[in-house]
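Asker: Take this structure, written in structure tokens, and hold onto it; I'll ask about it next.
The values are calculated or read from the model by the stated rules, or taken from the named source; none is laboratory data. The structure displayed is predicted, hence computed values, not measured ones. Note that we place each Cβ from the backbone using ideal geometry, even for glycine, and neighbour counts take in every protein chain shown. Ligands, DNA and RNA are excluded from the accessible area calculation, which covers all protein heavy atoms including side chains. Shrake-Rupley method; radii C 1.70, N 1.55, O 1.52, S 1.80 Å.
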Amino acid sequence: MLMLRSLDGDEGAYRHLLHALRTLLVAYYGRRMIPGIKADLEDLVQETLLSLHDRRETYDRTRPFTAWFFSIARYKLIDHYRGRGGRMLAEVELDETLAADSSVDAVTARMDVERLLESLPPQQRELIRNVKLEGQSIADAAIKSGQTELAARVGIHRTLKALAQKLRGET
């Protein structure tokens, strides 16, 4: 959502996005840097944010932002280690494959979910949020939304199906 607003010219959203991404990058790179060269971490964070700035117009608004952004981050890390030798690069690639950072993954997944939810009409968004994210019963969510339980159930099913198609790039 912040990326979309920043692409539309919202400077405050862009500043907020860069601050949030900087925090994520410090955690992401901090766990992937080889001990003894953590001094390079800040340079790598700055290079990645500059790369984001340079490439932001290439972002496809219909796709999840975090996947696009972390692919930039991963390539920056690989480029960083290429300059230091192949053994380090192999270790980074192995770490990437074997040990995904769960806290970063959770934050980025939540950002993607929120972005998807923002694309929904308010009533559908609240049904999905109440039932699938907050764990309310369909009956309770239906009452809150002023719908019958059957209408809420059908609406949730159709919305989830449409979101799945969107994620697969079918819409």
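Asker: Take the residues in segment 13-35 that are touching a residue at least 24 places away in the same chain (Cβ under 8 Å) and open to solvent by 80 Å² or more (accessible area, probe 1.4 Å), then tell me which one is farthest from the chain's Cα centre (by Cα). Even if it seems obvious, please write down each step before you answer.
Answerer: Restricting attention to segment 13-35, the residues satisfying the condition of being touching a residue at least 24 places away in the same chain (Cβ under 8 Å) are 18, 21-22, 24-25, 27-29, 31-32, 34.
Next cut, open to solvent by 80 Å² or more (accessible area, probe 1.4 Å) only: 22, 31.
Details: Arg22: 13, Arg31: 18 Å.
The residue in question is Arg31.
Asker: Quickly run through segment 140-158 and pick out the residues that are out of contact with any Gly (no Cβ under 9 Å at 6 or more places or on another chain) and of a type in the set (Ser, Thr, Tyr).
Answerer: Scanning segment 140-158 gives a single hit, Thr148.
Asker: Can you name every residue in segment 149-166 that is closer than 26 Å to Thr62 by Cβ and touching a Ser or Thr at 6+ places or on another chain (Cβ under 9 Å)? Walk me through how you get there before you give the answer.
Answerer: Initially, segment 149-166 is screened for residues closer than 26 Å to Thr62 by Cβ, giving 154-166.
Of everything in segment 149-166, those that are closer than 26 Å to Thr62 by Cβ and touching a Ser or Thr at 6+ places or on another chain (Cβ under 9 Å) turn out to be Gly155, Ala162, Leu163, Gln165, Lys166.
Asker: So, in segment 125-165, how many residues would count as being buried (at least 17 other Cβ atoms within 10 Å of the Cβ) and without any contact (Cβ under 8 Å) to a residue 40 or more places away in the chain?
Answerer: Going through segment 125-165 one residue at a time, the tally reaches 14.
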